[in-house]
Every structure is written in C-alpha cells, then in structure tokens.
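A short reminder: the numbers here are calculations on the coordinates, not readings from a lab. Just so it is clear, the structure is predicted and the values come from calculations on it, not from any experiment. Cβ atoms come from the backbone with ideal geometry, glycine included; neighbour counts cover every protein chain shown.
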Amino acid sequence: MTGATPLPRVLRVVLVRHAAAVAPTTGAHDESRGLTPAGQAAAHRLAQFGIFDRASGFFAGPEARMAATIAPVAAMHGCPVVEMPALAEGAVGAWLSPDLFDATVRRYFTEPAAAAMPGWEPRHSVERRVAAQVEAVRGACPPDSNPDRVVPGVAVVATGGRAAITFLADRLGGTVDEAHAAWLRLRFPDVAVIDLPAAGAPRLVIPFGALPV
C-alpha cells in the first residue's frame, strides 16, 4: 500500500547459557571442557523447545561446552554450529575457590572498566565484543517477510553466564546489582530471548529462568 509504514526488521536472539560442564583438570585448557552426562541430557532437552523452530543460524563461543549445548538443536534443524571467538565467556586467569570466584564476579559487574582480578577481561571489553558479534550475525538471519507481515529472523547464540548477562545488561539497562543478581540465578543451561530491532529499543521476550530447562 502506498504510503504504508515500513514493517519492522527485527533480529530475535535466543541466548543460551551453556549446560553443566566437566570440572577443570590440572594443565587442561578451559576451552576444552565438554559437558557432563547431565549436561548432555539437558542439551538434548533444549532441542524440544519451540523457540528454536525458526532459527536460521547457530553460533557459539570457542569453549567446547558452548557448541555442545546447542549442537543437538542445530542438528535437528540441519544447521552447523558456527564457532565465533568473540562469543567467548572471557579470560579469567587462574582457577579460584568458589567464595573468591563469587567475590571476583561481583567486582566484574561493579567495576566494569577494570580487570576484576589479574587475568580477567573487563566487563566493558566483554560488552563491546559480544554486542558487536551479535549485531554481525543479523545479516545471516534475515526476517521472513511477505506483503503483510514480517517474522523476526532468529539467531541462537551460546556463550557463558557472565557474557550472557553482560550482553543483556548492555542492551536492556539496569543496575549492577540487578546484573549480578541475574548471574547468581542462572542455571546450567539457561535460555533467554531478546528482540533487537534494526532501529528502536530492544525488548526482552523471555527472561533467563522462565523456561523449564
């Protein structure tokens, strides 16, 4: 229709926090850790959710646990999982005790421009690279359109918990306390869905913790 308002162009991101991974071992690289048997079972359960039905791209950070989490659903859709280094969780240096790790993550969220501990990547750095990489996959997952409607293109993005919460906090805003609390509530695995218009404000469709994963 002449003079009609252009239909919106939206990228829907299914953001996946990886399933439970095997514990680290001395001398092994963190990127090589795969999933536990329970994590593998959870990855197969994810494949049953309808939120993946229109996905046209599956992308994961370089850590093996990330690709393994979305591999079953990608295979169900006949798609490969594309590894993208920019979707990595982020360097953390040496392994820390649980209490020290939790305190360091708190600093990661509250002091975004600084390394929370030597060897850690600052939150602002994670924010920039993950956001840029998600935006870069927009062209690979175009909307499905016809003369009267546009269905968002769907990209599945698997990463780690801190990177996932950092990305959502960057897109949606909120306080550092809210971001840290959201990280504490994350499960292995967990899923959120966010719509990213080409112009306009992002919209959280499904928050982490809402789906029975």
By what distance, in whole Å, do the Cα atoms of the chain stretch along each of the three principal axes, largest value first? 63, 36, 28
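Which percent of the Cα-Cα distances in region 134-188 go past 12 Å? Spell out each step's value before the answer.
Values: 1070 of 1485 pairs.
Of all Cα-Cα pairs in region 134-188, 72 percent lie more than 12 Å apart.
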Whole-Hz couplings from phi, Karplus 6.51/-1.76/1.60, listed for region 94-109; x for Gly and Pro: 6, 5, 10, 5, x, 5, 5, 5, 4, 5, 6, 4, 4, 5, 4, 7
Between His44 and Leu96, 0.36 nm times their residue separation minus their Cα-Cα distance comes to what? 15.7 nm
For region 191-211 and region 82-104, what is the centre-to-centre distance using only Cα atoms, to the nearest Å? 24
In sequence order, what are the phi-derived ³J(HN,Hα) couplings for region 178-185 according to the Karplus relation 6.51 cos²θ - 1.76 cosθ + 1.60 with θ = phi - 60°, rounded to whole Hz, with x for glycine and proline? 5, 5, 5, 5, 5, 5, 4, 7
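Place the peptides 62-71, 88-97 in order of packing, highest mean first, counting for every residue the other Cβ atoms within 10 Å and averaging per peptide. Display every interim value, and only then the final one.
Values: 62-71: 23.6, 88-97: 15.2.
Answer by packing, highest mean first, reads 62-71, 88-97.
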Output the relative contact order of the chain, whole-number percent, from Cα pairs under 8 angstrom with separation of 6+ residues. 31
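Sort 161-173, 36-48 by the packing proxy (mean of other Cβ within 10 Å over each peptide's residues), most packed first. Walk me through the numbers on the way to the answer.
Values: 161-173: 22.2, 36-48: 15.8.
The packing order, highest mean first, is 161-173, 36-48.
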